[in-house]
Amino acid sequence: MRILKAGALYFGVVFAAGFVLGTIRVIWVVPRVGERTAELIEAPLMLVVTIVSARWVVRRFAVPPLALQRLAIGLVGLGLLLVAELVVVLLVRGLTLREYIASRDAVSGTVYLALLAVFAVMPMLVRRR
């Protein structure tokens, strides 16, 4: 149960930060520099959020340095993140999954996929202070 709670909290913190940064990106940054550049500007910020959030969750739940437990936290978080992404894409934006994938920029989309992979493994990579 602790793994599920930690994964849900990890997801929640990163999703909330992504929501705020995404809103800023769409409203203020995209009109000035374009979609691709705006997403690439946001990516390192989300990486920092991911690292800090993973470290905080591991410390808050006193997760021992066992790779499988920490990876499970990341995978729970990733699962929730993908569900949230699909809800936004399918219900809020009204796109099909195929339309959404086709609309992604090749460069920033690849960076996004890499960040999802990093998000999944980050709890395993961070140290508890």
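The values are calculated or read from the model by the stated rules, or taken from the named source; none is laboratory data. These numbers were taken from a predicted model, which means no experiment stands behind them. Heads up, the Cβs are rebuilt from the backbone with ideal geometry, glycines too, and the neighbour counts pull from every protein chain shown.
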(message) Considering only the stretch 45-55, I want to know if a residue exists there that is touching a helix residue (DSSP H, G or I) at 6+ places or on another chain (Cβ under 6 Å) and farther than 25 Å from residue 123 by Cβ.
(response) no
(request) Kindly establish whether residue 121 is among the β-branched types (Val, Ile, Thr), assigned to a helix (DSSP H, G or I) and surrounded by 13 or more Cβ atoms within 10 Å (Cβ to Cβ). (result) yes
(request) Could you pull out the residue among 90, 66, 81 that is in contact (Cβ under 8 Å) with a residue 60 or more places away in the chain and not charged (D, E, K, R)? (result) 81
(request) Residue by residue through the stretch 91-116, note down the ones that are surrounded by fewer than 12 Cβ atoms within 10 Å (Cβ to Cβ) and part of a helix (DSSP H, G or I). (result) 91, 92, 97, 98, 101, 102, 106, 110, 113
(request) Look at the stretch 70-116 and say how many of its residues are among the aliphatic types (A, V, I, L, M) and at pLDDT below 95. (result) 11
(message) Testing residue 58 on (1) in a helix (DSSP H, G or I); (2) surrounded by fewer than 19 Cβ atoms within 10 Å (Cβ to Cβ), one condition comes back false. Which one is that?
(response) (2)
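Which residue, of 72, 62, is of a type in the set (A, V, I, L, M, F, W, C) and under 17 Å from residue 119 (Cβ atoms)?
Result: 72 is the single residue among 72, 62 that is of a type in the set (A, V, I, L, M, F, W, C) and under 17 Å from residue 119 (Cβ atoms).
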